[in-house]
Amino acid sequence: MSNARDVKNVPGRKTDVNDAQWLRQLHEFGLLRGSFHPTANFSSLRSYIRQRERLLDYSASHIQHMQKALMLMNLQLHHVVSDITGKTGMKIIHAILSGEHDPEVLAGMRDVRCKSSVETIAVALEGNYTSEHLFALGQVVSLYEAYQAHVADCDKQPEKVLNGLRMPDPPSESLPKARTRTKQPNQPDFNVREVLYAITGVDLTQIHGIGPYVALKLIGECGTDMSKWKTAKHFTSWLCLAPGNKISGGKLLSSHTRRSKNRVTALLRLAAVNVGKTDSALGAFYRRLSARVGKAKAVTATARKLSILFYNTLRYGKDYCDPGAAHYEIQHKARTIKHLTRRAKQMGYTLEPAIT
């Protein structure tokens, strides 16, 4: 299958027959580039992951329905519990559905890790337990749990595919220490880091912003053979993260990045936003750029850097070592001084440090 972007401006009458004949002729002359298609194993992995994401989206909508049913009964559980689908929230909701409506008794079901006190939870559970809203709550809870059961069944299939993709010669080095111990929400039940390390031989989670589940989704969309893109610039161009080059008559009309519905691009943009909250070199880059040109462009630029790190790590096995935000600030200061010194020299001046 040829890339539609390369043939959308093909001259001639726009009928299916004429287009097909013209595309065949271009293909005979070797003037068409094929679109990216993963191998059969990675294609099945991608389908399982997309199905899992679809199930999670469906279950997320039922979480909102649960919150609505609780609010209609004036039960402000979501204000005192960070996640109503956690241990505390689900235990209280199941008790409500079983007929227990005493706020003190319900608050006593609080998990020890819950930050809100028993008294605070009890005040939030004083409401009107009407039959119609209890009925709606029971239905959405059953639907949510049904989707979660389907997600658990769906987790078994990607694990089987990934186990079949393991390298014949496993990496001699042990798996590096995890950068963070925080478990991502909705992460699969199996050890994603260990399986991906056995397949790729590198630990993608060492890159800031890329956790085990994000790495799994990136591998499912792109595969592990990055040689299908000649360079990292080709990869960023495929992701529509590279600056545009719209030129007419030798004049640059626009350098805006193209719009894209690529799932990998969306994942990297989301990772870029999370990187901006970290004390890393990429985080410092994101914050400095967002203050200068805006957050939208900063997200695109940071996502491009993440895509290059992802490409180099997979194709060349390069280990990512974050120098830290302080190192980035020192480098930025050195570049600024070098630029000012050159500008001063061009104007016939000499830049000297101030004496304090």
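The values are calculated or read from the model by the stated rules, or taken from the named source; none is laboratory data. This structure is a prediction, so every number in the text was calculated from the model and none was measured. All Cβ positions, even for glycine, are placed from backbone atoms using ideal geometry, and neighbour counts span all protein chains on display.
Details
- Residue list for region 306-328, restricted to those being exposed (fewer than 14 other Cβ atoms within 10 Å of the Cβ) and either at pLDDT 95 or above or charged (D, E, K, R) (or both): LYS318, ASP319
- Considered as a group, the residues in region 224-281 that are touching a Gly at 6+ places or on another chain (Cβ under 7 Å) and β-branched (Val, Ile, Thr) include one that is modelled with the highest pLDDT, and that residue is VAL275.
- Qualifying residue in region 247-263 (condition: surrounded by 13 or more Cβ atoms within 10 Å (Cβ to Cβ), polar (S, T, N, Q) and more than 19 Å from ASP57 (Cα to Cα)): yes
- Reported count of residues in region 72-105, each being of a type in the set (A, V, I, L, M) and more than 19 Å from ALA136 (Cβ to Cβ), is 3.
- The number of residues in region 104-135 that are surrounded by fewer than 18 Cβ atoms within 10 Å (Cβ to Cβ) and in a helix (DSSP H, G or I) comes to 10.
- Of all residue pairs spaced 6 or more apart or on separate chains, those with beta-carbon atoms under 8 Å, a first member in region 46-71 that is over 19 Å from GLY138 (Cβ atoms) and a second member that is polar (S, T, N, Q) are TYR48/GLN157; LEU56/ASN186.
- Condition check for ALA242 on (1) farther than 29 Å from GLN206 by Cα; (2) assigned to a loop (DSSP other than H, G, I, E, B): one failure, at (1).
- Unique residue being at pLDDT 90 or above, on the phi < 0 side of the Ramachandran plot and touching a helix residue (DSSP H, G or I) at 6+ places or on another chain (Cβ under 7 Å) when the list is THR120, THR130: THR120
- On the stretch given as region 280-297, residues that are free of Cβ contacts under 8 Å to residues at least 24 places away in the same chain and either under 13 Å from HIS208 (Cα atoms) or in contact with a His (Cβ under 6 Å, 6 or more places away or on another chain) (or both) total 1.
- Restricting attention to region 329-356 and to residues that are of a type in the set (S, T, N, Q) and surrounded by 11 or more Cβ atoms within 10 Å (Cβ to Cβ), the residue that is farthest from GLY201 (Cα to Cα) turns out to be THR341.
- Condition met for ALA215 (of a type in the set (A, V, I, L, M, F, W, C), at pLDDT below 95 and touching a Lys or Arg at 6+ places or on another chain (Cβ under 7 Å)): no
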